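The values are calculated or read from the model by the stated rules, or taken from the named source; none is laboratory data. Predicted model only: the values in this text are computed from it and were never measured. FYI the Cβ positions are ideal-geometry reconstructions off the backbone, even for glycines, and counts take in every protein chain you see. What goes into the accessible areas is simple: the full protein's heavy atoms, side chains included, and nothing from ligands, DNA or RNA. Shrake-Rupley method; radii C 1.70, N 1.55, O 1.52, S 1.80 Å.
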Amino acid sequence: MRKEYETVIGLEVHVELATKTKIFCSCSTEFGGEPNTHTCPVCTGMPGALPVLNKQVVEYAAAVGLATHCTITQVHKFDRKNYFYPDNPQNYQISQLYLPICRDGYVEIELSGENDQKPEGNPGTENTARTENTSGAENNSGAENISGTEIDRAMRKKIGIHEIHMEEDAGKLVHDDWSDCSFVDYNRSGVPLIEIVSEPDMRSAEEVIAYLEKLRMIIQYLGASDCKLNEGSMRADVNISVREVGAEEFGTRTEMKNLNSFKAIARAIEAERERQIDLIEAGEAVIQETRRWDDEKEYSYAMRSKEDAKDYRYFPEPDLVPVVISDEWLQKIKDSLPEFQTEKLSRYLKEYEIPLYDAKIITGHKKLADIFEAASELCKKPKKVSNWLMVETMRLLKEEEMDPEDLTFSPKNLAGLIELTEKGIINSTVAKEVFEKIFHQDVDPEQYVEEHGLKMVTDDGVLLQTIEKILQENPKSVEDYRKGKEKAIGYLVGQTMKAMRGKADPAKVSQILKEKL
Amino acid sequence: MNLLSLTAVELGKKIHSKEVSVREAVEACCEQIEAVEPEIHSYVTTDREAALKKAEEIQKKIDQGELNGPLAGVPAAIKDNLCTKGWKTTCSSKILENFIPTYTAEAVGRLEEAGAVLLGKTNMDEFAMGSTTETSYFGVTKNPWNTKHVPGGSSGGSCAAVAAEECFYALGSDTGGSIRQPSSFCGVTGIKPTYGTVSRYGLIAYGSSLDQIGPVAKDVTDAAAILEVIASYDKKDSTSIRRRDTDFTSALKAEGKGLKIGIPKSYFGEGIETEVKTSVLHAAEVLKQQGAEVEEFDLGLVEYAIPAYYVIASAEASSNLARFDGVKYGYRTPDYEGLHDMYKKTRSEGFGAEVKRRIMLGSFVLSSGYYDAYYLKALRTKALIKQAFDEAFKTYDVILAPAAPTTAPKLGSSLNDPLKMYLGDIYTISANLAGLPGICVPCGKDKNGLPIGVQMLGNCFEEKKILQAAYTYEQTRTRERCDLAKKRDTAYGTEQKTIGEGAGR
């Protein structure tokens, strides 16, 4: 019989900051671009070049720290982390070890409470365990299964933040298998990063996902990053250990890298938990090492053990002077903090009178909240806006496997669409069709409806003619209805709508049909 | 008239008054380079054509009145660790043998804007690591006063070029005495400014927290004029300081009165050659005669400066030199298997012994488990040394000392005993650790005819005080030129020789 184990997890999260220019030079941070076109002597490590700190990086980092209840180190410094790799042009990375900009904060996460800490007794159920946990994670991010009352019942937990520090990103190696040669692209070299180091406070994949989603939401609210895991603007390394339930000492931990999605993170945590428990059960020791997750094979392999861990020979960066954040500057950063989710949520409930459930989902993503506020302002119909976001937008996001941050349509077009339906210019079926066009191509609804002749036919003559025709063509349905088969009217309405090419008001059609019959 | 005997400022005046053309000045230098380089080897790179082309450009600007500074049209040489766009910049290392930067160091750029004509890049100890210019991959530079001796280092090429009149002035860099010590050995005037006064942008770093660019010149007036041009706040260098008091030439007054000069007793104890001691103390006596107050005092912590310096400089160097790896530029080993083999061979073959010694030393003191015992302790020592100087400058305007315990050693006598060579830096490195400005001016010669220099240190941002003291002292002497330089005078005939001697000032 296997003992009961608890998983202990701490996270190191790297976030690419959304500054226009790099952390130590004025090169563009824009993603893409021909290799080595966003570079200069500084970010390619040319001899004699010197770094100059981008003030915006400090402001973003401090803002993230303030939003996560950290203490801001008002006099902080940069250090050099020395290691050789071709993507690292100076062969040292400018980072912060001794005096990071933020320390001792926390993030509060909400849990459904169901999947929390469920020790797995039987190794044979590995797959089920993984599925459960994965779906648990999905539930938390998705909309479907959480009702307003459940939110209120949710468990809250504080995840400690050990520190946040600023550093520069490395370039990218491009391997050419044909020529057996590697190339290096320094466009990403010097893109600003913050590393958010959590305390080992998480106990399950669900908590990890909840923590990451909360972090991502906070950072997106700040506009400090778009936090896209698949594009690498948010990257998480997971430190995992297991211990017997009730044990006080932590077990030996491993660090898992190459986790490119929430799903991969959840899978990797489960697999690593099982791997470690199997080792312990077999009387073997867990080795402190860095492992790389292969999400396709759902398997991790050791990259390097603690023994070959690099000695980074950290020392204070002599080319940069200590950064002093004055009280005034700090106050300015505090004053510039945006309205966060909690405040937004209560404001929405008061101001827009939309259900708690909707408000919760919409404020859960900065992008949705932005669209909601802007569109509501334009059309003055917040409930309608909320409906479009909650139903159609969510459906399409799910269909396209997109993140709300990927939304590209403009609030103006959504507001325009709502106006068209409200004025009875198009019916709801047409509206859905038009919305899909807005969602994908951000079309102007008025123009689109005009060009495609989708306006409802308000000329009763045409409608009456069509209905007469339908009635003549479908004597059986007419008879059925008259015999008391109420359903038959639905068929007739459908036929009429089809003949009208969707441009009639179905309610009105139904009404006329009933009168005729 | 032998143009070459003029100082930079004297030449600048003649160019301004159209007595001499820029081209003539450049040609004179090029001829001298051709004549003495086989013996001296001050330069790693020269480019006569580029210099002559530049001379035309500058002449035009002068003629049109666009350039009228004191250094407009004056030919200069640049230490080869300062990046120069389009000119090879090697740090006298194999690893950068063919490196041509895409940009120019800020200090050099400022000189060019002031109308300098670059003649070439001067030899140095590899990556400025050394005190003799013998660690250069491109061969040693010899002392123009006696070619059996070293010129000092690491800015030995710059100092030798000025002494041999192969240029009118040069830029050097000083991390632990690399301007002041070779200036002393070559009988020229060199300044290491307050840390942060001259932008380090484009200076290939050795010890970033200690490196400072400075002028190497024929006299104090030239040195002040050059420093005035290169001193500037530069937003590209985060350690650069905004100063409003960079009108250094305003300090050139022969006035000893009001100057309080301290002589650290411990600098004149064991290890110093008698002739050096006598000569330096005589300079102090002269200043006293000029009205300065002079007294001896105890400067603490002198014995800790060398270990602290070698720990800090080597630690920074081990990291600064990591970028030379064969990936992006410079030397790459021809045969290798895989990345690590490429790194290893490139760096083993590309760096010389002294550079490797310091990279290893620096990597060691930064290693986990040793950091606190070495690096951190060295940083604390550095802070204490600064405090000791702060204390001394409460009483004194200028600290007067030798620049080196000896005159220039014989070629080949230093490198086999690196520890002894390191100890030779004793009088210069404290200024780097404390960020202080220092000047070295000639004050005599030993029995072998080798120059001796006197060093004057000032408090941070008080270059003007040391310039005044040095200028006051200099006015009591006649500028001496080495025989190698004088030899050229005969080619110009004796008639105008006296002008060249510059004795009339």
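Three semi-axes describe the equivalent ellipsoid of the range B:247-366; taken as square roots of 5 times the Cα gyration tensor eigenvalues and ordered largest first, they are 48, 18, 13 Å.
Under 12 Å from a point 7 Å along the Cα-to-Cβ line of A:Glu199: which residues of the range A:160-178 have their amide N that close? Answer for the range A:160-178: A:160-163.
If you roll a 1.4 angstrom probe over the protein chains with everything in place, what fraction of the accessible area of the range A:460-516 belongs to carbon and sulfur, to the nearest %? Carbon plus sulfur share of accessible area: 50 percent. If you take the Cα centroid of the range A:390-405 and the Cα centroid of the range A:177-240, the two points sit 23 Å apart. Label positions at A:Lys380 and B:Lys60, each projected 7 Å from the Cα along the C-beta direction, are separated by 7.0 nm.
A 1.4 Å probe run over the range B:1-67, with the rest of the protein chains in place, finds 46 Å² accessible per residue.
Please report, as a whole percent, how much of the solvent-accessible surface of the range A:5-332 comes from carbon and sulfur atoms (probe radius 1.4 Å).
48 percent
No disulfide-compatible partner, judged by a Cβ distance under 4.7 Å, exists for the following cysteines of chain B: B:Cys29, B:Cys30, B:Cys83, B:Cys91, B:Cys167, B:Cys440, B:Cys443, B:Cys460, B:Cys482. Surface analysis of the range B:313-409 yields an accessible area of 42 Å² per residue, using protein heavy atoms and a 1.4 Å probe. FRET efficiency for A:Ser326 and B:Lys257, Cβ-Cβ distance as r, R0 = 51 Å, nearest 0.05? Step by step, r from the Cβ atoms, then E = 0.70.
What residues of the range B:82-110 lose no less than 50 Å² of accessible area with every protein chain in place versus their chain by itself (probe 1.4 Å, heavy atoms only)? Flagged in the range B:82-110: B:Tyr103.
Mind giving me the FRET efficiency for A:Asp444 and A:Lys20? R0 is 30 Å, r the Cβ-Cβ distance, nearest 0.05 is fine. The computed FRET efficiency comes out at 0.50. Segment A:Ser336..A:Glu451, full-extension length gain: 37.0 nm, with 0.36 nm per residue of separation and the alpha-carbon distance subtracted.
At q = 0.08, 0.10 Å⁻¹, what is the base-10 log of I(q)/I(0) for chain B according to the Debye formula with one equal point scatterer per Cα and no solvent? Please give it to two decimals. Reported log10 I(q)/I(0), two decimals: -0.44, -0.69. A cut-off of 5 Å between modelled amide H atoms, ignoring neighbours fewer than 5 places along the same chain, links A:Tyr85 with A:Asn91. For the range A:80-111, a drop of 50 Å² or more in accessible area on going from the chain alone to the assembled protein chains (1.4 Å probe) is found at A:Phe84, A:Pro86. Near the amide H of B:Phe99, within less than 5 Å, lie the amide hydrogens of B:Thr89, all on another chain or at least 5 residues away, with H placed in the peptide plane. Would you please name the GluC sites (Glu not before Pro) within the range A:211-268 that are DSSP coil residues with at most 15 other C-beta atoms within 10 Å of their C-beta? Sparse-neighbourhood loop GluC sites (Glu not before Pro): A:Glu231, A:Glu248, A:Glu249.
Antiparallel versus total DSSP beta bridges in the range A:187-307: what percent is that, nearest 5? Rounded to the nearest five, the antiparallel share is 70 percent.
When the convex hull of its Cα atoms is viewed from all sides, the range A:460-516 shows a mean projected area of 3.3 nm².
Would you list A:Ser233, A:Ser112 from the most to the least accessible area, probe 1.4 Å?
Reading off the accessible areas and sorting them downward yields A:Ser112, A:Ser233.
Write out the trypsin sites (Lys or Arg not before Pro) in the range B:208-272 meeting two conditions: DSSP loop, and at most 12 other Cβ atoms within 10 Å of their Cβ.
On the way: sites: B:Lys218, B:Lys235, B:Lys236, B:Arg242, B:Arg243, B:Arg244, B:Lys253, B:Lys257, B:Lys260, B:Lys265; in loops: B:Lys218, B:Lys235, B:Lys236, B:Arg242, B:Arg243, B:Arg244, B:Lys253, B:Lys257.
Sites meeting the loop and neighbour criteria: B:Lys235, B:Arg242, B:Arg244, B:Lys253, B:Lys257.
Surface composition of chain B: carbon plus sulfur atoms contribute 50% of the solvent-accessible area (1.4 Å probe, protein chains only, all chains present).
The contact between chain A and chain B removes approximately 2700 Å² from the accessible area (both sides summed; 1.4 Å probe; ligands, DNA and RNA excluded).
The length gained by stretching the chain between A:Val75 and A:Gln288 to full extension, at 0.36 nm per residue less their Cα-Cα distance, is 73.3 nm.
Probing with 1.4 Å while keeping every protein chain in the model, the per residue accessible area of the range A:223-280 equals 39 Å². Antiparallel beta bridges, as assigned by DSSP with both residues in chain B, represent about 65 percent of the total such bridges. For the range A:339-451, the Kirkwood hydrodynamic radius comes to 14.1 Å, computed from all pairs of different C-alpha atoms.
Could you compute how fast the range B:9-161 diffuses translationally, taking Rh as the Kirkwood radius over C-alpha pairs and applying Stokes-Einstein at 20 °C with viscosity 1.002 mPa s? Give it in µm² per second. Result for D is 137 µm²/s.
A DSSP coil position with no more than 16 other Cβ atoms inside 10 Å describes the following trypsin sites (Lys or Arg not before Pro) in the range A:437-511: A:Lys455, A:Lys483, A:Lys485, A:Lys487, A:Arg501. Counting only cysteine Cβ atoms and a cutoff under 4.7 Å, chain A contains unmatched residues A:Cys25, A:Cys27, A:Cys40, A:Cys43, A:Cys181, A:Cys227, A:Cys379. Can you give the net charge of the other residues whose Cβ lies under 15 Å from the Cβ of A:Leu173, counting K and R as +1 and D and E as -1? Around A:Leu173, the surrounding residues sum to -4. Against the empirical curve 2.2 N^0.38 Å, the C-alpha radius of gyration of the protein assembly as shown lands at a ratio of 1.24.
Distance between the pseudo-spin-label points of A:Arg347 and A:Asn36 (7 Å out from Cα toward the beta carbon): 4.8 nm.
Shown is the FRET efficiency for A:Asn260 and A:Glu399, computed with R0 = 22 Å from the Cβ-Cβ distance and rounded to the nearest 0.05: 0.55. The order of the peptides B:445-453, B:402-410, A:376-384, A:15-23 by mean Cβ neighbours within 10 Å, most packed first, is B:402-410, A:15-23, B:445-453, A:376-384. Annotation for A:Glu231 and B:Lys394: the two label points, set 7 Å from Cα along the Cα-Cβ direction, are 5.9 nm apart.
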